[in-house]
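The values are calculated or read from the model by the stated rules, or taken from the named source; none is laboratory data. Quick caveat: nothing in here was measured; it's all calculated off a predicted structure. Reconstructed Cβ throughout: ideal geometry from the backbone, glycine too, with neighbour counts over all protein chains shown.
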Amino acid sequence: MLSRTIVSIIVAVFVAMPMLATVAHADGVSDDGGLEHFVNKHRKNGKSYVQLGPRPFYLVEKMPEGKLKTALQQCSDGPFYKTDFSIGHRGAALQFPEHTKESYQAAARMGAGILECDVTFTKDLALVCRHSQCDLHTTTNILVTPLAANCSVPFSTAEFDPDTGVLTKAASAQCCTSDITLDEYKTLCGKMDASNPNATSAAEFLGGTPGFRTDLYATCGTLLTHAESIELFKELNARAQSPQRAHAIHRSSQSGLLLTGRLPPEANR
C-alpha cells in the first residue's frame with residue numbers, strides 16, 4: 001500500500017501539471033518550442049478564472065526537496081487557466097463527493113477543461129452519474145435512509161472475537177443504482193467514497209474517509225442524471241469525456257431483471 005507521503009506526491013504532480021505546462025516555457029524550465037503551442041491550443045478561451053485553493057501548494061511544500069518540487073514551486077504565481085490538459089475524472093473527487101454537481105463545479109473552477117460522468121442505470125432505466133453500478137453504500141447516505149430496505153445486500157455489522165477483540169467479519173452492504181428508481185435516487189446525498197469495516201451501525205459504516213481526502217465539503221452532494229451532467233458541463237464551458245458505462249452483473253431484488261455488462265436497449269432510447 002502506498003504511504004501517505006507518496007500518495008501526496010502523486011496527487012501534487014497531477015494537480016500541478018497543468019500549472020507546470022502553463023509556465024514552464026516562460027520560466028525557462030523547458031526550451032521546447034512546441035510546448036507553448038500545446039498550451040495555447042488547449043487553453044479554454046484564453047481566460048484566467050481558475051481558483052486552485054490552498055491544497056496544491058500545501059502538497060508541493062510537503063514534497064521532498066528535489067528538481068520536481070523546485071519546478072512546481074516556480075508555478076505558484078500562475079497564470080492559471082482552464083485547459084483540456086486537465087481532466088476532472090469524477091469531478092474533484094479528492095475534496096468533494098464524486099460524480100456530484102459540487103464536485104464537477106469544483107473541478108471546473110480548478111482548471112479542468114474536460115469532465116466525466118461515468119454512467120450507470122436505475123431500476124427504471126434512467127442514466128445517472130456513478131462510477132460503479134453498485135457503489136451507493138459507499139458513495140451516498142442510502143444506508144441511513146428508508147431506501148436501505150431496497151439494497152441488494154442489507155447492511156451487516158462488523159463482528160469481533162469476544163476474547164481478543166480482533167475483527168472476524170468486516171461490516172458490509174451492497175446498494176446498487178438498479179435497486180431504486182430515479183426519483184428515489186435523486187433523494188440521496190453524495191458523500192466521500194469510503195466505508196468503515198469496523199462499523200457496528202449503518203451510520204458508522206458511512207465513515208472511513210482516508211486521511212488524504214476530506215469530509216469538509218461532503219455535507220450533501222447533489223446527485224445528477226447523465227442528461228443533467230451534460231447541461232452542467234455546458235454551463236461550465238467544459239468538454240464532456242465520453243462516458244464509461246459501468247460494468248455490472250446484477251439481478252434486481254424487486255423486478256428480477258438481469259442486468260449485465262451492457263445497458264439494456266430501453267436505456268439508449
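I'd like the residue in segment 182-202 that is surrounded by 18 or more Cβ atoms within 10 Å (Cβ to Cβ) and out of contact with any Gly (no Cβ under 8 Å at 6 or more places or on another chain) and, out of all such residues, is farthest from residue 121 (Cα to Cα). Among those residues, the one meeting the criterion is 202.
Identify all residues within segment 85-100 that are touching a helix residue (DSSP H, G or I) at 6+ places or on another chain (Cβ under 7 Å) and closer than 19 Å to residue 227 by Cβ; write none if there are none. Step through it out loud before you land on a result.
Taking segment 85-100 and keeping what is touching a helix residue (DSSP H, G or I) at 6+ places or on another chain (Cβ under 7 Å), we get 85-86, 88, 90-98.
88, 90, 91, 98 - these are the residues of segment 85-100 that are touching a helix residue (DSSP H, G or I) at 6+ places or on another chain (Cβ under 7 Å) and closer than 19 Å to residue 227 by Cβ.
From the list 23, 15, 50, 29, which residue is closer than 28 Å to residue 226 by Cα, at pLDDT below 80 and among the β-branched types (Val, Ile, Thr)?
Numbers: 23 fails: closer than 28 Å to residue 226 by Cα; 50 fails: at pLDDT below 80; 29 fails: closer than 28 Å to residue 226 by Cα.
Only one candidate qualifies: 15.
The condition of being crowded, with 17+ Cβ neighbours inside 10 Å, at pLDDT 90 or above and more than 25 Å from residue 186 (Cβ to Cβ) holds for residue 71. In the set 112, 107, 158, only one residue is over 14 Å from the mean Cα position of the chain (by Cα) and either among the aliphatic types (A, V, I, L, M) or crowded, with 18+ Cβ neighbours inside 10 Å (or both); that residue is 158. The conditions of being within 26 Å of residue 216 (Cβ to Cβ), modelled with pLDDT of 95 or more and not aromatic (Phe, Trp, Tyr) are not met by residue 114. Against the test of being over 18 Å from residue 147 (Cα atoms) and at pLDDT below 95, the options 200, 168, 214, 225 yield a single qualifying residue, 214.
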